[in-house]
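**Q** Can you read through this structure? Questions will come right after.
The values are calculated or read from the model by the stated rules, or taken from the named source; none is laboratory data. The model shown is predicted, which means the values in this text are computed figures rather than measured ones. Counting neighbours? That spans all protein chains shown, and the Cβs are built from the backbone with ideal geometry, glycine included.
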Amino acid sequence: MPYAKLARMPVSSFQLPASSSQLPVSSPFPGFRSSAPRWHRRALAGAGLAGWLLGLLASPASAQTFEVAGARAAGMGGAFVAVADDASAVYWNPAGLATGAFFSGVIDYNSAKANREGDPQAGSQSATLLGLGMPALGLTYYRLRATTVESLAVPAGQLEAPRTLDGADVARVSSLISHHFGVTLVQSLTDSIAIGTTLKAVRGVAATALVAVRDRDDLLDDADDLVGSGSTEFDADIGAIAVIGTVRAGLTVRNVREPDFDAPGETESLKLHRQVRAGVAMTPSAGILVSADLDLRSVPGTTGLVRNFAAGAEAHVLGRALVRGGFRLNTRGDQPGGRAPVGTLGGSYAIVSSVFLDGQATFGSDQADRGWGVGARVVF
């Protein structure tokens, strides 16, 4: 069925008039208490420490949430699965390309951090997105980075000279950088329904280290100095969208194969977890769009498991300008970060009729990912 026949709901943004190394670790592990001979005690200390470290590094971990990419999407709180109709649909919902312009391009950058004073965990995320889209085909490259810091403690009973009554404080730093190269293919099933998939090669670079505890902002920044181990995996994202009148519904499954990447030494693997999100959107009146999204699966975030609900809106104002707003919270209130509510504000300005400059800010709970983003879009 020709793609041009798929129903298109007017969306306000397009309706303008005319080898391994680690951070330095000071050794806080002088040995175990023991009455055994000195050589025996050293052997036990080495074996016990190795076992403790392997226990810490045994489980895969990564903290990349759905909302990390797309300045326009982030300005709406991340409620974008049913809205995606520009080139960022290659990330948010591949099927959304069938409902958008005949050509669009996007480049943007987003950054966010969660670092609450006194919490044992902190993290940061960033995304750079480049995409080109047409109703049947899309091309994309995006780079995602997730860094986490978690405070740990060696049990005091295992140390000859513990630094504190609770043991020697150390921090575990992990970083996963993933480069995604994708081709998106879209097929309309009826005049109202389309499906799409992004087939992608993913180059992942994973790194971990145990370091002496200090300011967590510094640790997050210094994670750039970690040298990781790289490998390439193949993966796919799948999306579906339905448009009935002024109502849209979408479903996206990202990281279908859940690729994981070994850190140096193969003591730990960091995984891109499968993400499943559903969304609805509608245009209650000309130039106004409202939307809501819900994660259908929990994934690791910077402060525990995350299953977000998001709602947002986009509206035309002042001719060439658009404004956006939204909010987001974690429905998994039992996690260390709690509900972690945030608000978002964003906007676009058309410097010419087909070129938009985008920006967004995310604010609120310091247990949540707060940050900013900027971008540019071309739409024909």
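**Q** Determine which single condition R216 fails, assuming it passes every other condition in (1) at pLDDT 90 or above; (2) more than 18 Å from the chain's Cα centre (by Cα); (3) surrounded by 17 or more Cβ atoms within 10 Å (Cβ to Cβ).
**A** Here R216 meets the rest and fails (1).
**Q** Given S188, S174, which one is within 18 Å of T302 (Cα to Cα) and either surrounded by fewer than 17 Cβ atoms within 10 Å (Cβ to Cβ) or not aliphatic (A, V, I, L, M) (or both)? Let's see the steps before the verdict.
**A** On the way: S188 fails: within 18 Å of T302 (Cα to Cα).
So the residue among S188, S174 that is within 18 Å of T302 (Cα to Cα) and either surrounded by fewer than 17 Cβ atoms within 10 Å (Cβ to Cβ) or not aliphatic (A, V, I, L, M) (or both) is S174.
**Q** Also, I was wondering about something else. From G312, G301, G287, grab the single residue that is over 15 Å from the mean Cα position of the chain (by Cα) and either at positive phi or modelled with pLDDT under 95 (or both).
**A** On the way: G312 fails: either at positive phi or modelled with pLDDT under 95 (or both); G301 fails: over 15 Å from the mean Cα position of the chain (by Cα).
Answer to the selection: G287.
**Q** What is the residue count in region 348-370 for residues that are in a strand (DSSP E or B) and on the phi < 0 side of the Ramachandran plot?
**A** 15
**Q** Right, something else. Surrounded by 19 or more Cβ atoms within 10 Å (Cβ to Cβ) and more than 27 Å from G138 (Cα to Cα): does that describe V317?
**A** No; evaluated as a whole, the condition is false for this residue.
**Q** Now, a different point. Looking at region 343-380 only, could you name the residues that are exposed (fewer than 15 other Cβ atoms within 10 Å of the Cβ) and in contact with a Lys or Arg (Cβ under 7 Å, 6 or more places away or on another chain)?
**A** Scanning region 343-380 gives Y349, F363.
**Q** While we're here: Taking region 321-337 as the search range and keeping residues that are of a type in the set (G, A, S) and buried (at least 17 other Cβ atoms within 10 Å of the Cβ), which one is nearest to A311 (Cα to Cα)?
**A** Selected residue: G326.
**Q** Which of the residues that make up region 222-231 are surrounded by 15 or more Cβ atoms within 10 Å (Cβ to Cβ) and not in a strand (DSSP E or B)?
**A** Once the filter is applied, which keeps residues that are surrounded by 15 or more Cβ atoms within 10 Å (Cβ to Cβ) and not in a strand (DSSP E or B), region 222-231 yields D222, A223, L226, G228.
**Q** A further question follows. Does region 232-276 hold any residues that are in a strand (DSSP E or B) and surrounded by fewer than 15 Cβ atoms within 10 Å (Cβ to Cβ), and which are they?
**A** T232, F234, I244, V247
**Q** May I pose another question? Can we say V323 is at pLDDT below 95 and aliphatic (A, V, I, L, M)?
**A** no
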